[in-house]
Amino acid sequence: MDIRFQNLGPEHWKGEVLLALACQGENLPAECPALDKAVPWLTVAPGMRDFKGKSGEFALLHGHPELPVPRVLAVGLGPREKVDMQGIRKALAAAVQRCRAQGYASLLLPEPVLSRLPGGRERLVEECVCAALLALHRSDVLKKPDAEEPAPPQWLALGFDGEHVPDAAHAAARRGENTAWAVALARDLAAMPPNLLSPDHLARRARDLAREKGFSCTVLDEKDMEDLGMGCLLAVGRGSACPPRLVVLEHAPRGHEQDKPLILVGKGVTFDSGGISIKPAANMHQMKADMSGAAAVLAAVAALAQEDAPRRVIGLLACAENMPGGRAARPGDVVRAANGESVEIRNTDAEGRLALCDALIHAQKTWTPSAVVDIATLTGACAVALGPQLAGLFCRDQDLTERIRSAGGACGENFWPLPLWQPYAEDLKSEVADICHIGPREGGAINAALFLAHFVQEGVRWAHLDIAGVDWAAKGSPLAPVGPTGFGARTLLELARGGV
Ligand code: BES
Ligand code: MN
Ligand code: ZN
């Protein structure tokens, strides 16, 4: 769906359906003169009297079919004092899905209607464009098209009252488009079946995107990893016929080549069977999304390159397939991490932290980061603790914690702080190696975070995002169907845009 602008004033707006977001109990046509100019018949439309503006309420109202704007879809938001950006996103997404079901080819979203809502005009434009696009996105490239279903809308126009669309509104709409593109990419990658998205496939996708969007991409293979001593990442991939890859992305815009980079590190386990410590069969297919962290990093870096963000960002994708096999790592194995320390593997299903520790070490050896943020579907314990709407945030830096929470909150991705409780690090002691990669089941998300923290040098601003659980929607919503959510892509994008 194209995003367009109509700037000739409400009398000249066109579109098969006008989307009117309204708060409960407010008489929109009376209170918004521009809307009244665009669809003067709305005040006398019989159905409008029944429309209360309750949250989730819709009313489709018809004017004369020959008019330039022949219909209005009134969309209820609930009481004004309770309306927030997430409510607006959801309502708009649901409305756009209705329009698709009806087969409307052109949608009109009046800026004067939007601007009445809380949030600020630019934010509203950005968020509505993003929500409308995400409402139409499906990760269905492997399905044949449904012949019964009408084609999706061709365009959504933002209707402005005046000759001139402000530059800030243009920029906001472009940001919204780019954000939706990034989230859709992250979802598509995570939805990809594991036979079609191996570590090498993921690396190739990264390389293709790098060429297309103008950022750099270097792929380290097994030989390179051996030279760098990455025994942990190698151990994760050893049981698989598909070898591991460490993908290095860099967006370094002109004039920022020498800046300290923001380094994003993503867990890219393209399938997590558990390895020798194999997982139960139920829902194991969802472990194709165990590369959601890497997908979020790749999507964010690609989107930053696409909008030419004035910020140097490096992305590391720690890619491996965790499979049982003759050469697979065993519980009891001791391997060596890239910093030279020996690591005892006790449970091959705790593979994410092994893949990440070598990437974290590599990041700190190679660059002087302004901050390091890793993102991973790391522990079931985090999903159990926080449920399906909150991701775990582990960070000892107050400022970085707040920036991540506010970047996430602004885009509908919520992070909850969890403690890096140092006394528990005692439980990571090993009889045979410098460190054991797991602790007890209790406090599992904290133990995993403490294992990662062990490989982060003092003075490095670092945050760990555990997105296990939120990476996959068990219940669908207008903004995200059942399946991979692309969680994290927006927050990372927002963080880099905000200059972290
Ligand atoms: N990828 C899983 C974590 C996960 C669970 C992600 C559910 C998404 C949904 C991770 O590799 C894993 O298996 N973790 C183990 C660690 C344990 C063996 C210490 C877990 O959480 O059970
Ligand atoms: Mn696992
Ligand atoms: Zn995993």
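The values are calculated or read from the model by the stated rules, or taken from the named source; none is laboratory data. The shown structure was predicted, so the numbers you read here are calculated from the model rather than taken from an experiment. Cβ sites come from the backbone with ideal geometry, for glycine too, and all protein chains shown count toward neighbours.
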**OP:** Taking the residues in segment 382-409 that are part of a helix (DSSP H, G or I) and within 16 Å of ligand 3 (Cβ to nearest atom) as candidates, determine which candidate is nearest to Gln286 (Cα to Cα).
**Re:** Ala383
Original post:
Among the candidates Ala309, Ala289, which residue alone is within 16 Å of the chain's Cα centre (by Cα) and on the phi < 0 side of the Ramachandran plot?
Top reply: Ala289
Original post:
Restricting attention to segment 221-235, does a residue exist that is among the hydrophobic types (A, V, I, L, M, F, W, C), in the same structural domain as Gly293 (by TED's automatic domain parsing), away from ligand 2 (no atom under 16 Å from the Cβ) and assigned to a loop (DSSP other than H, G, I, E, B)?
Top reply: yes
Subject >> Search result, residues across segment 35-61 that are buried (at least 18 other Cβ atoms within 10 Å of the Cβ) and more than 23 Å from Ala105 (Cβ to Cβ) >> reply: Met48, Phe51, Gly53
**OP:** Give the number of residues within segment 162-210 that are under 23 Å from Ala309 (Cα atoms) and of a type in the set (Ser, Thr, Tyr).
**Re:** 1
Original post:
For segment 420-444, how many residues are more than 14 Å from ligand 1 (Cβ to nearest atom) and either of a type in the set (Asp, Glu) or within 30 Å of Thr179 (Cα to Cα) (or both)?
Top reply: 3
Original post:
Since Glu341 meets every condition but one in (1) in contact with a strand residue (DSSP E or B) (Cβ under 7 Å, 6 or more places away or on another chain); (2) under 25 Å from Asp427 (Cα atoms); (3) within 16 Å of ligand 3 (Cβ to nearest atom), which condition does it not meet?
Top reply: (3)
Original post:
Within the set of pairs 6 or more residues apart or between chains, which connect a residue that is within 16 Å of Asp308 (Cα to Cα) inside segment 230-258 to a residue that is in a strand (DSSP E or B) and at pLDDT 95 or above with Cβ atoms less than 6 Å apart?
Top reply: Leu249/Cys217; Leu249/Gly315; Glu250/Ser216; Glu250/Ile314; His251/Val313
**OP:** From (1) under 22 Å from Ala407 (Cβ atoms); (2) surrounded by 14 or more Cβ atoms within 10 Å (Cβ to Cβ); (3) free of Cβ contacts under 8 Å to residues at least 40 places away in the same chain, pick out the condition that doesn't hold for Glu126.
**Re:** (3)
Original post:
Is there any pair with a first residue in segment 341-356 that is more than 9 Å from ligand 2 (Cβ to nearest atom) and at pLDDT 95 or above and a second that is in a helix (DSSP H, G or I) and small (Gly, Ala, Ser) whose Cβ atoms are under 7 Å apart and which are 6 or more apart or on different chains, and what are they?
Top reply: Ile345/Ala235; Arg353/Ala448; Leu354/Ala235
Subject >> Residue check for Pro244: within 16 Å of ligand 3 (Cβ to nearest atom) and assigned by TED's automatic domain parsing to the domain that holds Gly488 >> reply: yes
Subject >> Pairs with Cβ under 7 Å, 6+ apart, first in segment 266-279 and of a type in the set (Phe, Trp, Tyr), second assigned to a strand (DSSP E or B) and more than 10 Å from ligand 1 (Cβ to nearest atom) >> reply: Phe271/Glu321
**OP:** Check whether at least one residue in segment 290-312 is charged (D, E, K, R), surrounded by fewer than 18 Cβ atoms within 10 Å (Cβ to Cβ) and within 16 Å of ligand 3 (Cβ to nearest atom), and report yes or no.
**Re:** no
Original post:
Across segment 245-289, what is the number of residues that are of a type in the set (D, E, K, R), farther than 23 Å from Ile404 by Cβ and away from ligand 2 (no atom under 16 Å from the Cβ)?
Top reply: 3
**OP:** Only residues that are within 14 Å of ligand 3 (Cβ to nearest atom) and either of a type in the set (Asp, Glu) or free of Cβ contacts under 8 Å to residues at least 60 places away in the same chain (or both): list them for segment 363-381, please.
**Re:** Asp374
Subject >> Checking Ala147 against (1) in contact (Cβ under 8 Å) with a residue 24 or more places away in the chain; (2) out of contact with any Pro (no Cβ under 8 Å at 6 or more places or on another chain); (3) exposed (fewer than 11 other Cβ atoms within 10 Å of the Cβ), the condition it does not meet >> reply: (1)
